[in-house]
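Just so you know, all these numbers are worked out from the coordinates, no wet-lab data involved. What you are looking at is a predicted structure, and each value in this text was computed from that prediction instead of being measured. Cβ coordinates were reconstructed from backbone atoms using ideal geometry, including for glycine residues, and neighbour counts include every protein chain displayed.
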Amino acid sequence: MQGQADLFLGLGETAAPIRKPVTSDSQVKPQGQKRTFRLDPANFETAADALEASGRYRVLRRLLPRSVVTSRMAVPGERLAVIVDTETTGLDHTRDEVIEIGMVAFSYDEDGRIGDVVGTFNALREPSVPITPEVTRLTGITPDMVTGQTIDLDAVEAFIRPAHLVIAHNARFDRPFCERLAQGFALKAWACSHAEVSWSDFGFEGSKLGYLLSQCGWFHQGHRAVEDCHALLEVLASPLPDDAGYAMSHLLTSARKTLLRVWAEGSPFEMKDALKKRGYRWNDGKDGRLRCWFIDVAEDAYEAELKFLRQEIYRRDVEPYTQRFTAFERFRATS
């Protein structure tokens with residue numbers, strides 16, 4: 001205990017003797033009053049490290065975005081990715097509109113090691129539909145903030161053009177909105193850091209961005225587009241527990257896989273529980289796709305899935321309708 005106490009000496013507070021004479025009742029510190037340490041800002045990190053080393057505290061540091069490196073030599077074999085986040089007037093990409101887009105471009109290598117931030121982009125847009133109080137509460141964006149604002153779509157196209165990969169933390173939401181905003185997004189491979197990283201396997205109890213960031217030791221101003229992009233970059237760059245590498249490398253492994261979507265069209269109604277237990281999801285057909293159960297499997301699991309359907313569900317030889325998806329097709333509005 002003495003060693004821990006000594007750690008704070010010289011950080012703006014002088015050591016006090018064990019006993020302190022009291023000359024009057026007015027000098028007695030009221031019961032329950034907290035003792036205040038006045039730390040020199042130069043020693044904040046020392047104090048934070050000491051608290052963490054005690055095992056009794058976890059310290060969250062404010063996330064400071066990485067600086068943009070504008071003058072740099074390209075490294076052989078490196079690739080570029082763009083993290084994108086949108087704020088919108090609602091959840092329906094066919095009716096609602098983008099009111100803010102944020103992007104962070106960065107370099108990475110084949111193993112998923114993240115290099116430099118090479119560009120950032122952030123813009124607001126005045127929608128043709130009102131921004132509701134609920135949207136303002138969720139995003140922090142008010143109608144006054146977007147009045148007269150537009151997004152330079154040529155600048156958006158130029159920003160994403162060099163990217164080999166576009167990453168969003170909810171690509172199934174962001175990709176349809178982005179493709180409606182700028183055509184270049186439809187030509188890119190996409191990855192979803194929410195769905196394509198098995199966070200629970202690495203000890204995370206949730207996959208929301210704010211939670212992941214806090215587990216990595218930071219906090220930030222959430223729900224603004226470019227701030228969320230910077231936050232996701234640090235999550236992807238942070239080392240995972242138990243020497244499991246970096247989340248970016250696991251994301252790339254998932255994104256590179258080809259998935260096969262198997263539609264259990266015309267499956268017997270009484271088999272719905274067996275399909276659900278297997279991992280099949282129901283599609284109601286309102287999106288123009290088949291009205292039936294479906295599942296996405298890796299290519300090497302396809303034969304096992306056919307065997308399951310033939311033996312356990314249909315109990316006859318069938319050839320179910322199957323679609324092939326790569327990162328170029330995944331997370332589209334129709335996928």
(request) Could you check T253 against (1) under 30 Å from P65 (Cα atoms); (2) among the polar types (S, T, N, Q); (3) in contact with a strand residue (DSSP E or B) (Cβ under 9 Å, 6 or more places away or on another chain) and say which number it fails? (result) (3)
(message) Of everything in segment 297-335, what is part of a loop (DSSP other than H, G, I, E, B), β-branched (V, I, T) and in contact (Cβ under 8 Å) with a residue 40 or more places away in the chain? Give them in sequence order.
(response) T326, T334
(request) Considering only residues that are touching a helix residue (DSSP H, G or I) at 6+ places or on another chain (Cβ under 8 Å) and buried (at least 21 other Cβ atoms within 10 Å of the Cβ), look in segment 221-234 and name the one that is nearest to T86 (Cα to Cα). (result) D228
(request) Please enumerate the residues belonging to segment 80-130 that are among the hydroxyl-bearing types (S, T, Y) and in a strand (DSSP E or B). (result) T86, T88, S107, Y108, T120
(message) Give me the residue from segment 273-296 that is aromatic (F, W, Y) and touching a residue at least 24 places away in the same chain (Cβ under 8 Å) and, out of that set, nearest to Y321 (Cα to Cα).
(response) F294
